[in-house]
Every structure is written in C-alpha cells, then in structure tokens.
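In what follows, a structure is listed as structure tokens, so that the remarks can point back to it.
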Amino acid sequence: MVHLSGIFPLIRACFARTSGCRAFGARMLVTLLVLGGALTLAGCYGDDGYQLPTRAMKELSPEMLSLLVQKSMPKDSPLLVRLFKEESELEVWKQDTTGQFQLLKVYPICRWSGELGPKKVEGDRQAPEGFYTITPGLMNPNSNYYLAINVGFPNAYDKANGFSGAFLMIHGDCSSRGCYAMTDEQIGEIYSLARESFLGGQKEFQIQAYPFRMTPANLARHRDNPNMPFWKMIKEGNDHFEVTHL
C-alpha cells in the first residue's frame with residue numbers, strides 16, 4: 001500500500017538537497033507516474049489530503065543530533081529497525097562512517113498484540129514476524145494513530161505460505177490490534193529518523209521482527225513451540241547481521 005502523502009513532500013524536500021537526493025526524488029516521481037491512479041488509502045490510514053502535517057516534519061531533537069555525532073552517524077545515513085516481542089523492544093540501527101550499522105537507540109515497545117509467532121490469518125490480531133522492506137510509500141504521516149510506518153505485511157514468504165492480512169503498522173497512540181504500538185513521542189522520533197534516511201538517498205530500509213532475542217537460552221526455552229522451524233529460519237538472518245553489521 002503506497003501512501004501518496006508520504007511521497008510528495010519527500011520528493012519536494014529532495015530536490016532542494018544534494019544531487020544524490022535529487023536523483024532519489026526523480027526516481028520516486030517516475031514511480032508515481034507509473035502507479036498512476038491505482039493508489040488507494042485504506043485500513044487505519046487517515047486521509048487528510050497531501051499536505052504533510054507538522055508532526056511529520058518535526059526536526060530531530062538536539063539530544064538526538066548530539067547522539068548521532070557521538071556515534072559518528074550522519075543524520076541522513078541508512079537506517080535499519082529490529083523488533084523483539086518478548087523483550088518489548090524496538091532497536092534503531094544506523095550506518096556510521098565506517099559503512100557498518102551500529103545501534104543508535106533502543107525504545108520500549110508500548111504494546112504489541114497476539115502471541116509469539118508469525119501472523120498467518122487476517123483478523124487474528126497477531127503482530128507479524130520476519131523481514132520486511134519499508135519504502136517511502138509505506139510512511140503514513142496522516143495516520144489516525146499520530147504517525148505510522150506500514151511494515152509491508154505480507155512479504156514474499158507470507159504470500160507463498162498463504163498468510164493473509166494487511167495494514168500492520170508501527171504507530172503511535174500506544175494501542176495495538178495486530179500492530180507494534182509506540183508512544184507518540186517515540187514514533188515521532190523514529191519516523192523522523194526514517195524520513196532523514198530517505199532524504200539522504202536510502203531507497204528502502206529493513207525491519208527485522210523477532211519473537212525474542214535469538215539467544216541459545218531463549219531458543220532452548222521455546223524448543224517445543226510449533227513455530228520453531230520458522231524461528232530457526234529467521235535466526236539465519238539475525239546471525240548474519242549480528243556478525244557483519246551489514
């Protein structure tokens with residue numbers, strides 16, 4: 001689901017920045033022309049028109065800018081997000097000047113719904129697990145839940161296994177019906193970090209959603225869970241990232 005109100009302001013802002021960002025804006029403009037009138041708004045999206053609200057344009061705080069400097073992370077460098085249900089934590093990673101991703105900040109998840117395990121059926125109120133790709137069109141500045149980022153469920157794996165559902169978000173308002181809910185302040189900062197990465201030229205960023213931290217102790221504790229084959233599969237991606245930070 002592509003959200004136009006998340007794309008147009010990004011394109012406008014990009015043309016005022018670096019040549020790389022202008023090239024990104026041009027690509028997004030071409031994408032819009034191709035998609036044409038097929039774009040719609042649905043689910044928990046709120047359509048307030050295409051004027052970006054103030055909350056979506058909020059600058060990063062002086063404290064966050066200082067943290068980025070301390071960690072040698074340009075504010076518009078690429079972003080990656082990891083979610084851990086059992087620990088109720090959301091991690092934001094950013095690429096530093098070495099080219100590797102490093103941990104920027106850990107946010108407590110205000111609320112997530114369902115149980116440990118992937119989302120399989122529409123209406124099960126289950127927060128998804130797996131790897132999801134976030135494009136500018138999945139950024140929703142006009143959400144009824146302050147701000148929202150659509151995780152992009154279902155991904156290719158979900159579709160191949162017949163899993164159903166849509167409009168699964170990371171959003172504000174601390175209320176969840178199959179989503180990962182944050183406080184408004186938290187989602188505001190996460191949204192702004194993602195926005196800056198897109199404006200820096202990142203075409204898409206990844207969300208990695210896990211049932212728990214993929215430690216031997218946690219895996220042993222849940223060894224009888226029927227979702228263990230799925231968890232072992234996504235653990236391969238976790239282990240790759242833990243070792244390479246790429």
## Note on the structure
Relative to the compact-globule estimate 2.2 N^0.38 Å (N residues), the Cα gyration radius of the stretch 66-167 stands at a ratio of 1.21
### Query
Full extension from MET57 to TYR157: what is 0.36 nm times the residue separation minus their Cα-Cα distance, to one decimal in nm?
32.6 nm
### Query
Using the eigenvalues of the Cα gyration tensor, what equivalent ellipsoid semi-axes result for the stretch 112-246 when each is taken as the square root of five times the eigenvalue, whole Å, largest first?
25, 18, 14
### Message
Pairwise over distinct Cα atoms, reciprocal of the mean inverse distance: report the Kirkwood radius of the stretch 188-246 in Å, one decimal place.
### Response
13.7 Å
### Message
Suppose each label sits 7 Å from its Cα in the direction of the beta carbon; what would the VAL106-THR244 distance come out to in nanometres?
### Response
2.5 nm
### Message
Using 29 Å as the Cα-Cα cut-off, could you pick out the over-long pairs in LYS58/LYS120; LYS75/LYS120; LYS71/LYS120; LYS71/LYS235; LYS75/LYS232; LYS58/LYS232?
### Response
LYS58/LYS120; LYS75/LYS120; LYS71/LYS120; LYS75/LYS232; LYS58/LYS232
### Ordering of 87-99, 185-197, 55-67 by packing [mean C-beta count within 10 Å, highest first]
185-197, 87-99, 55-67
### Query
Roughly speaking, what % of Cα-Cα pairs in the stretch 64-111 are separated by over 15 Å, rounded to a whole number?
43 percent
### Query
So how long is each side of the stretch 145-203 along the principal axes, counting just the alpha-carbon atoms, biggest first, in Å?
35, 31, 10
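None of the figures in this text is laboratory data; all of them are computed from the coordinates on show. Keep in mind that this is a model prediction, so the values were computed, not measured. Methodologically, a virtual Cβ is constructed for each residue, glycine included, from the backbone with ideal geometry; neighbour enumeration extends over all protein chains shown.
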